[in-house]
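To start, the structure under review is shown below, and the notes come after it.
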Amino acid sequence: MVRHPDKPVSEAAQPTSDRTRGRLAHWWFAPLPAPPERLRRGPLRPGAFPSPLRSARLTSLLGIALGVAFGVCFGTGLLSHLVQHPPGWFWWPSRPAGLYRVTQGVHVAAGLACVPLLGVKLWSVYPRLFAWPPVRSPAHAAERAGVALLVAAALFQVISGVLNVAHWYAPMPFFFTTGHYRVAWLVAGALLVHIGVQLPVVREALRRPRPPAERRRQLLAGVGGAIGLITLTTAGQTWRPLRGIAVLAPRRPDRGPQGLPVNRTAAAAGTSAVGAGTYRLSVTGPGGTFDLDLTALYALPQHTAGLPITCVEGWSADATWSGVRLADLVELAGADPRRATVLVESLETAGRYRASTVAGPHTRDPLTLIALRLNGAVLDRDHGFPARLIAPNRPGVLQTKWVGRLTVREEPCAR
Ligand SMILES: Nc1nc2c(c(=O)[nH]1)N[C@H]1C(S)=C(S)[C@@H](COP(=O)(O)O)O[C@H]1N2
Ligand SMILES: [Mo]
């Protein structure tokens, strides 16, 4: 909505700054010359889009639903980013153990719900691409540019998110996580401006009496049905009762070695040749450095924890792990687990997820293990044989496999 000043401001009566502002506003809202009428053909002619299904009311309702879905995606996505790249002020608890599973599941579900919402919303407004005149004033041009940016950024988020869930990285010539995170801020900014501009229009559209259009209601029901269907056919990648109908989900929680999906295989990580006899876990702490072989690790008290692997891509799976408590190893290294941070490094020499940091609440949590066994058997190579980290309430990317080295630091005032 572009507001024009009601009356020309009487310049002589204004102080200088007001006068400049008045002139600026005048220029900003000044009508631009309309293009020649003979260009009004095809989609540009009046009445080119006669569908009675389109209405300000429909567009407003879809806009509200999209705003909520994007808000939820932004909040849960920002949280996931903070958990993976925690700034000094950020604190993430280790309990409830399945909390990240819920927040990331909601992130992916809300993102998938955006697919039909965004599709129908764009369908409901695309005739405006051919509005006449194309630009009425500099203010109108800025508004259109803002909407174009919002649409482009929103499409980028939804498409890149779906590609990531589908493990299809070929069409993305950038690192997914960084691109998806940066463009999220672009969407958030453009969306706030868009809401500010469109709020009066939405209020007006929703105040008007509801039209008796039966077909419009069917359209909304169709959008709701599509969202329900997408949710039902993907939720099975994390919620076992629905796994039988998870036709749209690329992962099933029970498919893979030892009944668990694999993110990166040992062959891909170059860790297939690690031998049980030659394996050493190197531990460095305030007390110095020592090595533990598998016999020494099995000689330490063994504990069992039922914890899910929760991939940021949206799949997750419950499993039963057993091995050595990280807190016990921290104590052996001469540090207090209540105040220690542990750098966990993989035998994998390259790769984005070859190391992770375990801080405060996760270090001392008795459920945090250097796991040696999974679901009742020795860890499969693809799940991190001979030893992998598993901790409660952490994204999968931080559950380092093929652990070769622990570096323990005592933090003066870790929470
Ligand atoms: N060293 C190493 N550990 C890793 C990864 C990796 O690429 N390298 N991938 C992580 C990711 S993204 C996930 S989701 C989990 C998956 O564990 P799984 O393959 O045993 O199911 O492992 C994590 N640990
Ligand atoms: Mo992952």
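Some observations on this one:
- Among residues of segment 369-391, those that are within 16 Å of ligand 2 (Cβ to nearest atom), surrounded by fewer than 24 Cβ atoms within 10 Å (Cβ to Cβ), within 21 Å of Pro301 (Cβ to Cβ) and in contact (Cβ under 8 Å) with a residue 40 or more places away in the chain, counted: 0
- For segment 323-343, the criterion of a residue being modelled with pLDDT of 95 or more and within 12 Å of ligand 1 (Cβ to nearest atom) is satisfied by no position.
- Filtered residue count, segment 309-368, keeping only those that are within 16 Å of ligand 2 (Cβ to nearest atom) and within 23 Å of Tyr181 (Cβ to Cβ): 14
- Tally of residues being touching an Asp or Glu at 6+ places or on another chain (Cβ under 8 Å), in a loop (DSSP other than H, G, I, E, B) and surrounded by fewer than 24 Cβ atoms within 10 Å (Cβ to Cβ) across segment 393-415: 0
- Members of segment 16-34 found to be surrounded by fewer than 10 Cβ atoms within 10 Å (Cβ to Cβ) and not hydroxyl-bearing (Ser, Thr, Tyr), listed by number: Pro33
- One residue stands out in segment 110-140 among those that are of a type in the set (Ser, Thr, Tyr) and in a helix (DSSP H, G or I): the one that is farthest from Val202 (Cα to Cα), namely Tyr126.
- Each residue in segment 35-73 was checked for being surrounded by fewer than 13 Cβ atoms within 10 Å (Cβ to Cβ) and of a type in the set (Gly, Ala, Ser), and 3 pass.
- Filtered residue count, segment 241-264, keeping only those that are without any contact (Cβ under 8 Å) to a residue 24 or more places away in the chain and either in a helix (DSSP H, G or I) or farther than 14 Å from Ile309 by Cβ (or both): 8
- Criterion violated by Val202 - all others in (1) part of a helix (DSSP H, G or I); (2) surrounded by fewer than 16 Cβ atoms within 10 Å (Cβ to Cβ) satisfied: (2)
- Test: residue in segment 282-305 that is touching a residue at least 24 places away in the same chain (Cβ under 8 Å), within 16 Å of ligand 2 (Cβ to nearest atom) and over 24 Å from the mean Cα position of the chain (by Cα): no
- Members of segment 347-365 found to be in contact with a Leu (Cβ under 9 Å, 6 or more places away or on another chain) and either of a type outside the set (Asp, Glu) or surrounded by fewer than 19 Cβ atoms within 10 Å (Cβ to Cβ) (or both), listed by number: Tyr353, Arg354, Ala355, Ser356, Thr357, Val358, His362, Thr363, Arg364
The values are calculated or read from the model by the stated rules, or taken from the named source; none is laboratory data. Nothing here was measured: the structure is a model prediction, and the numbers come from that model. Note that we place each Cβ from the backbone using ideal geometry, even for glycine, and neighbour counts take in every protein chain shown.
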